[in-house]
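The values are calculated or read from the model by the stated rules, or taken from the named source; none is laboratory data. This structure is a prediction, so every number in the text was calculated from the model and none was measured. Here the Cβ positions follow ideal geometry from the backbone for every residue, glycine too, while neighbour counts run over all protein chains shown. Heads up: the accessible areas ignore ligands, DNA and RNA and are worked out on the full protein's heavy atoms, side chains in. Shrake-Rupley method; radii C 1.70, N 1.55, O 1.52, S 1.80 Å.
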Amino acid sequence: MKLATRLQNLGTETAFAVSLAAAEWGAKGHRIFPFHLGDLNLPTPANIVQAMNQAIADGKTGYCPGAGIMPLREALAADVGQRRGLHFDARNVVIQPGGKPVIGKFIQTVMNPGDEVLYPNPGYPIYESQIDYHGGKAVPYRYIETPTGFALDMRGLESLITPRTRVLIYNNLQNPLSCESSAQEMAALARLAVKHDLWVLSDEAYFEMRYAGQSTSIASLPGMAERTVILYTFSKKFAMTGWRLGAAIAPVPIAEQLAKLNTNDESCTTHFVQYAGLAGLAGPQSGPQAILDVLRERRDACVDGVNAIAGMHAARPESTFYLFVNVTGAMKSKGMTDVAAFATAALHETGVSFCTRRHFGRPQPGETEQYIRLAYSGIATADIREALQRLRDWVGA
Ligand SMILES: Cc1ncc(COP(=O)(O)O)c(C=O)c1O
């Protein structure tokens, strides 16, 4: 019995394989420091949990419209619009079971087989997987390491555009790099999108996960609103990763197609969970603020700990909950050239578990530096300090 050939093109989030390796090592009695998965070990704010229980008690347990319940669509249109200086209404909002489904549904809506799609690499691995799976040509663009983090290689990106380029995927407040475009960088990207008439997915999963300053959406730049779909998620801001609640905010003709895909794929997002999301948006914002306060402390512990290790360095990001750490020197001092072997050795020698550059898209020709990603959202500050001290001792040994 043969499986469908298209499955050969389906990628995955290989970070889950790192979880498995960590769990296996942990099951042998070793202490694990889980820096590999971008999950939060913080509780969902209580008002959201109460609203979900109330919704179940109120009988919100049947099907609801494929595009989502109207009060949540209206609330998101207002909230997302107000934070970005844009005007949306409920017709622009299509509720999803998480932010992730927006990626595949967006690609199915705007990309034909053979179309070229620009996507960030290193970047969230699902872009590459979904482009490949739906028969597009995945064209990776790069970032350059600078003393303050990472910047988009704009010249390189421009040189990749051909008459077949149809789509640009952009993730500002980026996973795994934690970088943010300057105003000039974002404006240049928007001009390119307009000039070449590209559809844009603006993955804004971390739009509100920031420790200082304010986020800007590329959708708010001239000529962009009509060509941009925003990926929104409740996962990070409200510590709701396992609830599966997100949305696409899209021009109406796209939103209508996304809703049709919802009807085909899952009928609707879990009905009572949508009332929980509504409570999150409408309720006190002290919950999300408390989450950010904890994450800021962890970020500082993580940055300080990493930069105290010889042969490792990372800038202090203002957003997300990741550090993309240059470990080239540390690997050299351990006599290693393979970053996967470095990760395995670190797990076995120190219990510190992390993803490497290879989990974030196919490596590009000419890459010379070695990187790992530390997600500090699921580890208490004291454990971050201990983990990085263990790494430091191991690298220095
Ligand atoms: C850049 C990026 N986009 C989208 C998602 C998907 O988020 P969700 O859990 O809401 O599906 C993630 C999750 O880690 C992410 O890092």
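A few remarks follow.
- Alpha-carbon centroid distance for the pair the range 30-60 / the range 293-343, whole angstrom: 28 Å
- Computing Rg and the Kirkwood Rh from the Cα coordinates of the range 257-305 gives a ratio, Rg/Rh, of 1.27.
- With a 1.4 Å probe rolled over the protein heavy atoms of all chains, the accessible area of Lys260, Lys100 falls in the order Lys260, Lys100, largest first.
- Descending semi-axes in Å of the range 86-132, equivalent ellipsoid built from Cα gyration tensor: 22, 13, 11
- Counting every pair of alpha carbons in the chain, the share spaced more than 41 Å apart comes to 13 percent.
- Share of Cα-Cα pairs in the range 1-92 lying beyond 16 Å, as whole percent: 77 percent
- For the listed peptides 154-164, 72-82, 264-274, a ranking on the average number of other beta carbons within 10 Å per residue, highest first, reads 72-82, 264-274, 154-164.
- Fraction of beta bridges assigned by DSSP in the chain that are antiparallel (%, nearest 5): 55 percent
- Projecting the Cα atoms of Ala78, Met52, Thr12 onto the charge dipole of the range 1-92, computed from C-beta unit charges around the Cα centre, puts Thr12 farthest toward the positive end.
- A simple charge model with +1 on the Cβ of Lys and Arg, -1 on the Cβ of Asp and Glu and nothing else charged puts the dipole of the chain at about 360 debye relative to its Cα centre.
- Seen against the Cα atoms of the chain and their longest principal axis, helix 252-265 is set at about 70 degrees.
- Using alpha-carbon coordinates, inclination of helix 70-84 to the longest axis of the chain, degrees: 60 degrees
- Measuring nothing but how far apart in sequence close Cα pairs (under 8 Å, 6+ apart) lie, relative to its length, the chain scores a relative contact order of 24 percent.
- Counted residue by residue at 0.36 nm each, then reduced by the alpha carbon distance between them, the extension gain from Met154 to Asp58 reaches 29.4 nm.
- Relative compactness, the range 161-209, computed as alpha-carbon Rg over 2.2 N^0.38 Å: 1.21
- Average Cα contact separation per residue, the range 225-272, under 8 Å, 6 or more apart, as relative contact order %: 31 percent
- The Cα atoms of the range 159-312 give a gyration tensor whose axes a ≥ b ≥ c have a/c of 1.5 or more with a/b no greater than b/c, which makes the shape oblate.
- Loop chymotrypsin sites (Phe, Trp or Tyr not before Pro), the range 1-104 (other Cβ atoms within 10 Å of the site Cβ: 11 or fewer; DSSP): Tyr63
- Note on the range 291-393: the C-alpha convex hull projects to 6.4 nm² when averaged across all orientations.
- Computed over protein heavy atoms with a 1.4 Å probe, the accessible surface of the range 1-99 works out to 57 Å² per residue.
- Relative contact order of the range 1-140, taken over Cα pairs closer than 8 Å and 6 or more residues apart, is 26 percent.
- Taken over the range 225-366, the convex hull of the Cα atoms encloses 194 Å³ per residue.
- Length released on extending from Asp304 to Gln364, taking residue separation times 0.36 nm less the Cα-Cα span: 18.7 nm
- Rounded to 10°, Cα long-axis angle of helix 286-307 versus longest principal axis of the chain: 30 degrees
- Global form of the range 188-265, assessed from the alpha-carbon gyration tensor, a/c cut-off 1.5: oblate
- Sequence ranges 320-328, 52-60, ranked by mean other-Cβ count within 10 angstrom, highest first: 320-328, 52-60
- Globularity index of the range 223-285, i.e. its alpha-carbon radius of gyration over 2.2 N^0.38 Å: 1.24
- Simple rule: put +1 on each Lys or Arg Cβ and -1 on each Asp or Glu Cβ in the chain, find the dipole, and look at Trp25, Gln389, Gly283; the Cα lying farthest toward the positive end is Trp25.
- Computed log10 I(q)/I(0) for the range 295-343 at 0.14, 0.18, 0.29 Å⁻¹: -0.38, -0.58, -1.04, from the Debye equation with unit scatterers placed on every C-alpha and solvent omitted.
- Note on His196 and Ala397: the extension gain reaches 67.1 nm, defined as 0.36 nm multiplied by sequence separation minus the Cα-Cα distance.
- Taking a ≥ b ≥ c as the square roots of the eigenvalues of the Cα gyration tensor, the range 41-144 is prolate, since a/c reaches 1.5 or more and a/b is larger than b/c.
- Measuring r between the beta carbons of Gln289 and Gln389 and using R0 = 30 Å, the FRET efficiency lands at 0.50.
- Relative to the globular-protein estimate of 2.2 N^0.38 Å, the Cα radius of gyration of the range 99-186 stands at 1.08.
- Here the range 315-365 has an Rg and Dmax of 12.2, 33 Å, counting Cα atoms alone.
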